[in-house]
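Please read the structure below before turning to the comments.
The values are calculated or read from the model by the stated rules, or taken from the named source; none is laboratory data. These numbers were taken from a predicted model, which means no experiment stands behind them. When we count neighbours, we look across all protein chains shown, and the Cβ atoms used for this are built from the backbone with ideal geometry, even at glycine.
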Amino acid sequence: MSEGIVLLLVGILVVLTAVYISWRAGRLDRLHIRLELAREALDAALTRRRAVVLELAGSRLLDPATSLVLAAAAHEARTAGPEEREHAESNLSKALRAAADQERFREKLAESPGGGDLLQELDAAVAKVVYSRRFYNNAVAVTRAAQRRWLARTLRLAGHTETPEFFEIDDLPPENMSTE
């Protein structure tokens with residue numbers, strides 16, 4: 001009788017271990033899906049910001065030099081390869097800050113026909129980049145922590161997926177922009 005109880009306990013332990021391992025693998029899979037969705041949202045936010053900056057640069061509401069600087073930075077960010085992308089997006093942020101920090105930038109745009117709408121789009125696009133990058137980097141941190149756990153490493157629960165990398169850019173919005 002005691003041998004039967006021992007086998008039952010071992011069986012329960014094996015089942016509980018298998019359930020736990022399955023749960024950890026499922027969690028890791030859900031984290032990778034969350035990471036992919038966050039990356040897509042970040043890419044969409046960066047694309048939207050570039051589009052709004054290009055629209056602003058081509059709107060003839062700014063002086064030609066500012067328009068040229070913004071258009072060049074947006075074009076560089078659009079055409080940058082994976083290795084240069086963070087640098088190009090940071091340059092776009094810096095160019096946008098330099099343009100928006102000019103004297104009466106917001107007032108001049110707001111007074112122009114269509115400028116107010118463009119300002120609202122720009123504010124929303126800049127804020128979306130900030131939030132999307134934070135969300136993505138948070139997803140990277142959580143996923144990396146789950147991948148580093150002993151059980152995940154030992155049983156290769158992450159499969160052959162690469163360790164995700166943080167997306168580090170200068171996304172500080174211009175001082176006179178509302179990002180709320």
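Among the listed residues ARG50, ARG24, identify the single one that is in contact (Cβ under 8 Å) with a residue 24 or more places away in the chain, of a type in the set (D, E, K, R) and either touching a strand residue (DSSP E or B) at 6+ places or on another chain (Cβ under 7 Å) or under 29 Å from PRO82 (Cα atoms) (or both).
Just a single option satisfies the conditions, and that option is ARG50.
Six or more apart or on different chains, Cβ atoms under 8 Å: show the pairs whose first residue is in segment 59-77 and touching a residue at least 24 places away in the same chain (Cβ under 8 Å) and whose second is not in a helix (DSSP H, G or I).
Sorted first by the residue in segment 59-77, then by its partner, the pairs are SER59/GLY114; LEU61/SER112; LEU61/GLY114; THR66/GLN102; LEU70/LEU62.
Scan segment 95-124 residue by residue and report those that are of a type in the set (S, T, N, Q) and either buried (at least 17 other Cβ atoms within 10 Å of the Cβ) or more than 23 Å from the chain's Cα centre (by Cα) (or both).
GLN102, SER112
Does LEU92 satisfy the criteria of being modelled with pLDDT of 95 or more and crowded, with 18+ Cβ neighbours inside 10 Å?
The answer is yes for LEU92.
Quick one: count up the residues across segment 128-151 that are modelled with pLDDT under 95, crowded, with 16+ Cβ neighbours inside 10 Å and either of a type in the set (A, V, I, L, M, F, W, C) or in contact with a Phe, Trp or Tyr (Cβ under 6 Å, 6 or more places away or on another chain) (or both).
Residues in segment 128-151 being modelled with pLDDT under 95, crowded, with 16+ Cβ neighbours inside 10 Å and either of a type in the set (A, V, I, L, M, F, W, C) or in contact with a Phe, Trp or Tyr (Cβ under 6 Å, 6 or more places away or on another chain) (or both): 1 in total.
Would you check if ALA44 is over 21 Å from ASN176 (Cβ atoms), buried (at least 21 other Cβ atoms within 10 Å of the Cβ) and touching a residue at least 24 places away in the same chain (Cβ under 8 Å)?
no
What are the pairs, 6+ residues apart or on separate chains, where a residue within segment 149-178 that is under 16 Å from LEU35 (Cβ atoms) has its Cβ under 7 Å from a residue that is part of a loop (DSSP other than H, G, I, E, B)?
ALA152/ALA158
Is there a residue being under 19 Å from the mean Cα position of the chain (by Cα), surrounded by 10 or more Cβ atoms within 10 Å (Cβ to Cβ) and among the acidic types (Asp, Glu) anywhere in segment 48-70?
The answer is no; no qualifying residue exists.
Scan segment 155-165 and give yes if some residue there is within 16 Å of LEU46 (Cβ to Cβ) and loosely packed, with under 13 Cβ neighbours inside 10 Å, otherwise no.
Yes, that holds for at least one residue.
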